[in-house]
1. For region 39-133, what does the relative contact order come out to in percent, with C-alpha contacts under 8 Å and a separation of six or more?
2. Excluding residues on the same chain fewer than 8 positions from LYS55, give the lysines whose Cα lies under 28 Å from its Cα.
3. Rounded to two decimal places and with Rh computed the Kirkwood way over Cα pairs, what is Rg over Rh for region 46-91?
4. Taking chymotrypsin sites (Phe, Trp or Tyr not before Pro) as exposed when DSSP calls them loop (any state but H, G, I, E, B) and at most 11 other Cβ atoms lie within 10 Å, what is the longest stretch of the chain free of them, the sites themselves excluded?
5. What accessible area per residue, rounded to a whole number of Å², is obtained for region 1-145 using a probe radius of 1.4 Å?
6. If you place +1 on the Cβ of every Lys and Arg, -1 on the Cβ of every Asp and Glu, and leave all else neutral, what size is the dipole of the chain about its Cα centre, to the nearest 20 Debye?
7. Treating the Cα atoms of region 78-162 as identical point scatterers in vacuum, please give the log10 of the normalised Debye intensity I(q)/I(0) at q = 0.12, 0.15, 0.18 Å⁻¹, two decimals.
8. Less than 10 Å Cβ to Cβ from HIS41, Lys/Arg counted +1 and Asp/Glu -1: what total charge do the surrounding residues give?
Amino acid sequence: MQQSKNDVWVGLFVLLGAAALVFLALQSANLLSLNWRSGYHVTARFDNIGGLKPKSAVRSAGVVVGRVESISFNDQTFQANVHLEMDKRFKFPKDSSLKILTSGLLGDQYIGIEAGADEADLAEGDTITSTQSAVVLENLIGQFLYSKAEEGASSSGGSGGKQ
């Protein structure tokens, strides 16, 4: 009888540990957010969102002030509509600007918000058009290589006539 009681406690402890590991894995991957506060919803329009994903953070001065709720494509303007849920504790002016930033060199992408100077604050349903798209690393490398190739071609081609 004592042996089966110990087995139940060990099994319960193992299940509790497994649940804690699953919780930590989901929390660290931004797949689980436990937030019982309601917020206000705004939409931002971007030309290129790069690798931004739903549940990504919206940060101001390094503090998480909201989350990306969903992402959709507008086939009229050919832009990405990013739907944000902002924490109701944080108010930002209507002329605030948004940038898609990367944590570290190859880390997750998030939205950085810079406060503007307008008297009126963002409210439910507002649309932010002052945005800066994600920097795509492949495009930067391509531009760098193209400029180096062009520089090499102009220096070798221009010095052949004089001696």
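1. On the way: 229 pairs, mean separation 35.4, N = 95.
37 percent.
2. Filter leaves LYS88, LYS91, LYS94, LYS99.
3. Working: Rg = 11.7 Å, Rh = 11.4 Å.
Expressed as Rg/Rh, it is 1.02.
4. Details: sites that count: TRP36, PHE78.
Longest stretch, sites excluded: 79-163.
5. Numbers: 9700 Å² over 145 residues.
With all protein chains present, region 1-145 gives 67 Å² per residue.
6. Values: 14 positive and 17 negative charges, 96 e Å.
So the dipole magnitude of the chain works out to roughly 460 debye.
7. Calculated log10 I(q)/I(0) at the listed q: -0.57, -0.72, -0.89.
8. Values: positive: none; negative: GLU69, GLU85, GLU124, ASP126.
For residues surrounding HIS41, the net value is -4.
The values are calculated or read from the model by the stated rules, or taken from the named source; none is laboratory data. As the structure is a computational prediction, the values presented were derived from the model and not from experiment. Don't worry about glycine lacking a Cβ; one is built from the backbone with ideal geometry, like all the others, and counts go over all protein chains shown. Surface areas here come from the heavy atoms of the whole protein model, side chains and all, with no ligands, DNA or RNA. Shrake-Rupley method; radii C 1.70, N 1.55, O 1.52, S 1.80 Å.
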